[in-house]
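Each remark here refers to the structure printed beneath this line.
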Amino acid sequence: MKLTSYRSPLGEMTILADDQTLYGLWFNDQKYFGGHYDLSSIATGMTKQGALTITWLKAYFAREKPSPKQLNIAKPLTTFRQQVYQALMQIPAGETVTYQELSTIIQNGHANKKLARAIGNAVGHNEILLVIPCHRVIGSDGSLTGYAGGLGPS
């Protein structure tokens, strides 16, 4: 694994990848930067997946709507987070869902307020921002709450 930097229109980002897999994509100033990885012990440099991620990001910021399937994304540590991230990747570009709606989707039509909180935790700790579109999940009042990448300038 290696770390690669990318300057996006929204700020400096760090990519963690090897030649086969993308493990992390963070804004450098975000909450939970680095996730569960000790980034201080990882060398910097370019990898095949790092280069593919940069290409994906350039297309994303050019509003080309690249598919997350273009990248080989590492599976989250838990089965629950895998379910949440699979559901997130089904949200079309330009659309949003609430945490409660996401809970209903994951539970096949049965809403659960406690699960909505667990989903919020999984969304907030997303280690692959933008590719796994946690920014498309909003609070029930329509606000962007809990987004780990930050809310940007007001």
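The values are calculated or read from the model by the stated rules, or taken from the named source; none is laboratory data. Here the structure is a predicted model, which is why all the values come from computation and not from measurement. Cβ sites come from the backbone with ideal geometry, for glycine too, and all protein chains shown count toward neighbours.
Out of the residues in region 83-100 that are surrounded by fewer than 18 Cβ atoms within 10 Å (Cβ to Cβ) and more than 19 Å from K114 (Cβ to Cβ), state the one that is nearest to the chain's Cα centre (by Cα).
M89
Please work out if I15 is touching a Gly at 6+ places or on another chain (Cβ under 7 Å), on the phi < 0 side of the Ramachandran plot, without any contact (Cβ under 8 Å) to a residue 60 or more places away in the chain and not in a helix (DSSP H, G or I).
yes
Only residues that are surrounded by 15 or more Cβ atoms within 10 Å (Cβ to Cβ) and either without any contact (Cβ under 8 Å) to a residue 12 or more places away in the chain or part of a loop (DSSP other than H, G, I, E, B) (or both): list them for region 18-36, please.
Those that are surrounded by 15 or more Cβ atoms within 10 Å (Cβ to Cβ) and either without any contact (Cβ under 8 Å) to a residue 12 or more places away in the chain or part of a loop (DSSP other than H, G, I, E, B) (or both): D18, T21, Q30, F33, G34, G35.
Go through (1) modelled with pLDDT under 90; (2) in the same structural domain as V123 (by TED's automatic domain parsing) and name the single condition L88 misses.
(1)
Among the numbered criteria (1) surrounded by fewer than 17 Cβ atoms within 10 Å (Cβ to Cβ); (2) over 16 Å from the mean Cα position of the chain (by Cα), which single criterion is violated by K69?
Failed condition: (2).
Does region 51-59 contain any residue that is surrounded by 13 or more Cβ atoms within 10 Å (Cβ to Cβ), within 20 Å of V123 (Cα to Cα), under 15 Å from the mean Cα position of the chain (by Cα) and hydrophobic (A, V, I, L, M, F, W, C)?
So far as region 51-59 goes, yes, one or more of its residues are surrounded by 13 or more Cβ atoms within 10 Å (Cβ to Cβ), within 20 Å of V123 (Cα to Cα), under 15 Å from the mean Cα position of the chain (by Cα) and hydrophobic (A, V, I, L, M, F, W, C).
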